[in-house]
Structures are given as C-alpha cells and as structure tokens.
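Data first, discussion second: the structure below is written as structure tokens.
Rule-based calculations on the coordinates, nothing more; no lab input. Bear in mind that the values here come from a model prediction, so they are computed numbers and not experimental data. Glycine gets a Cβ as well: all are built from the backbone with ideal geometry, and neighbour counts include every protein chain shown.
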Amino acid sequence: MGKNIVVLSGSPRRGATTDRLTDAFIEGAESAGNFVTRFQTADMRIGGCLGCRHCFTEQGVCVQKDDMQPILDALRKAEVLVLASPVYYFGFTAQLKLAVDRTYALLKERMPVKRAALLMTCGASEEAAASSVSTFRQICKLQRWEEAGIVIAPHLHKPDEIDGRPELDKARQLGRDI
Ligand SMILES: Cc1cc2nc3c(=O)[nH]c(=O)nc-3n(C[C@H](O)[C@H](O)[C@H](O)COP(=O)(O)O)c2cc1C
C-alpha cells in the first residue's frame with residue numbers, strides 16, 4: 001500500500017537544483033504508488049519557534065497561527081519525512097530550519113513518521129553537507145526514525161546544472177524504494 005510522504009523543501013530558488021533533485025525523488029515515489037505532499041517552506045509564512053512550550057501542555061497546539069499549521073497536520077498523517085535543502089553556510093537554509101524547529105510541537109505526541117530521507121545540493125564538495133548530515137542523523141535518532149537514504153549533489157551553482165547528473169537517478173530510485 002502507498003505511503004504518505006511529506007517533503008519539506010527549503011530552497012528559495014524555485015525550479016533550481018534542489019527542486020529538480022526533489023522532483024526526481026517525488027517522481028520515483030509516486031511511480032511506486034506513494035502519496036507525496038510537498039511544502040515549499042521558503043514560500044510560506046513560518047515564524048521561528050518561541051520556545052514557550054505551550055505545545056507541550058496544550059496537546060501539540062502552537063501559539064503561532066501561521067503557515068506551519070498545514071505542515072503539522074500533514075506530519076500527523078505521514079509515514080515518511082523528506083528534508084530537501086541547498087547547503088547554506090554548512091547547514092540547511094534558514095527557511096527549512098524554521099519549519100524543522102517548529103515540529104517541536106509534535107515531539108511529545110510523537111508523529112507517525114517511521115522513516116526519513118535527506119536530499120541536499122551544494123556548491124563545493126560533498127563535505128560541505130557534513131554538518132547537515134550530522135544534524136539529520138541526530139534528529140532521526142531523537143525521533144526514532146529509520147534513515148531511509150541520503151542523496152547529496154555537489155558542485156552545483158546554476159539552476160539547470162544538475163540536469164543529467166547521476167544524483168537525479170539516485171533520488172528517483174530512493175523515491176521508488178521508500
Ligand atoms: C547564501 C548561500 C550560502 C551558501 N553556502 C554554501 C556552503 O556553505 N557550502 C556550499 O558548498 N555551497 C553553498 N552555497 C551554494 C548552494 O548550496 C548551491 O549552489 C545549491 O545548489 C543551490 O541550491 P538551489 O539551486 O536550490 O538554489 C550557498 C549558496 C547561497 C546562496
């Protein structure tokens with residue numbers, strides 16, 4: 001049976017390298033009968049977590065009423081979470097990190113997510129994504145998610161530079177196998 005997959009995408013450059021890598025993943029996942037909901041966090045109004053822990057005492061309800069609500073609703077029904085981002089100063093983009101931090105609202109109730117994957121692009125070598133990979137793995141450990149796969153596409157600058165690269169096939173295959 002098809003799985004519910006939520007993709008949180010963090011590139012502010014629509015249709016560029018990270019989006020193309022993510023498109024390949026989604027193509028593979030949907031071809032295998034899964035259901036994908038993709039959120040472009042850079043186009044959404046998402047505030048930073050206030051650390052008030054209101055969500056901890058009020059059943060996961062966040063005090064901030066913004067575009068994080070549909071993401072939290074989708075994560076309450078998701079079996080797989082995919083984070084997709086370019087490397088910005090050795091980490092995820094700020095736009096993606098805002099959304100990741102706000103999933104704190106679901107920490108206590110535990111979301112049904114069982115597996116997670118990471119898709120990243122960067123301008124330098126793969127090493128530039130090392131901190132993000134480490135962050136991703138620590139989140140998986142904390143949440144008890146199985147690591148489903150990581151695809152990193154290095155040496156990218158222009159939006160279409162990723163076309164024809166093997167990382168697209170890797171992402172597509174990861175989608176099929178997810
Ligand atoms: C603000 C900013 C910071 C970046 N920081 C890094 C970095 O630390 N390491 C790196 O290898 N590439 C860095 N890059 C390059 C991007 O990760 C790379 O070009 C990526 O493919 C862009 O993704 P996009 O096409 O989805 O916008 C940076 C780019 C920008 C705009």
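Would you mind getting the Kirkwood hydrodynamic radius of the range 4-177 from its Cα pairs, rounded to one decimal in Å? Don't jump to the answer; show the numbers that get you there.
Numbers: mean 1/r = 0.0620 Å⁻¹.
Averaging 1/r across every pair of different Cα atoms and inverting gives 16.1 Å.
Just from its helices, what would the mean residue ellipticity at 222 nm be for the chain, if runs of 4 or more DSSP H residues each count -39500 (n - 2.57) and the sum is divided by every residue, rounded to the nearest 500 deg cm²/dmol?
Dividing the helical sum by the residues of the chain leaves -10500 deg cm²/dmol.
Quick one: length gained pulling Glu127 to Arg144 fully straight, 0.36 nm per residue minus the C-alpha distance?
Working: separation 17, 0.36 × 17 = 6.12 nm, distance 2.54 nm.
Gain on stretching Glu127 to Arg144: 3.6 nm.
Do any trypsin sites (Lys or Arg not before Pro) in the range 69-145 lie in a loop, going by DSSP, with at most 11 other beta-carbon atoms within 10 Å of their beta carbon, and if so which? Intermediate values should be presented prior to the final figure.
Working: sites: Arg76, Lys77, Lys97, Arg102, Lys108, Arg110, Lys114, Arg115, Arg137, Lys141, Arg144; in loops: Arg76, Lys77, Lys108, Arg110, Lys114, Arg144.
Passing both the DSSP loop test and the Cβ count: Arg110, Arg144.
Identify the GluC sites (Glu not before Pro) of the range 137-178 meeting these criteria: DSSP loop state and at most 13 other C-beta atoms within 10 Å of the C-beta.
Loop-located and lightly packed - none at all.
Any chance you could run the full-extension gain for Glu161 through Gln173? It's 0.36 nm times the residue separation minus the Cα-Cα distance, nm to one decimal. Intermediate values should be presented prior to the final figure.
Working: separation 12, 0.36 × 12 = 4.32 nm, distance 1.99 nm.
Fully extending the segment from Glu161 to Gln173 adds 2.3 nm.
Rounded to the nearest 0.05, what FRET efficiency is calculated for Glu30 and Lys108 with R0 set to 25 Å and r the Cβ-Cβ distance?
Working: r = 32 Å, r/R0 = 1.28.
Given R0 = 25 Å and the Cβ-Cβ separation, E is 0.20.
If packing is taken as the average count of other Cβ atoms within 10 Å, what order do 40-48, 23-31 fall into, highest mean first? Let's see the in-between values first.
Details: 40-48: 16.4, 23-31: 20.1.
The peptides rank, most packed first, as 23-31, 40-48.
Please give me the summed charge of the neighbours of Ile5: other residues whose Cβ is under 10 Å from its Cβ, Lys and Arg +1, Asp and Glu -1. Numbers along the way, then the final one.
Values: positive: Lys3, Arg38, Arg115; negative: Glu30, Glu79.
Every neighbour counted, the sum reads +1.
If you filter the range 76-178 for chymotrypsin sites (Phe, Trp or Tyr not before Pro), then keep DSSP loop positions with at most 15 other Cβ within 10 Å, what is left? Could you put the intermediate results ahead of the total?
Working: sites: Tyr88, Tyr89, Phe90, Phe92, Tyr104, Phe136, Trp145; in loops: Tyr89, Phe90, Phe92, Trp145.
Those satisfying the criteria are Tyr89, Phe90.
So which of Lys114/Lys158; Lys65/Lys108; Lys65/Lys97; Lys97/Lys158 end up more than 29 Å apart, counting from Cα to Cα?
Numbers: Lys114/Lys158 34 Å; Lys65/Lys108 19 Å; Lys65/Lys97 18 Å; Lys97/Lys158 23 Å.
Lys114/Lys158, as the Cα separations exceed 29 Å there.
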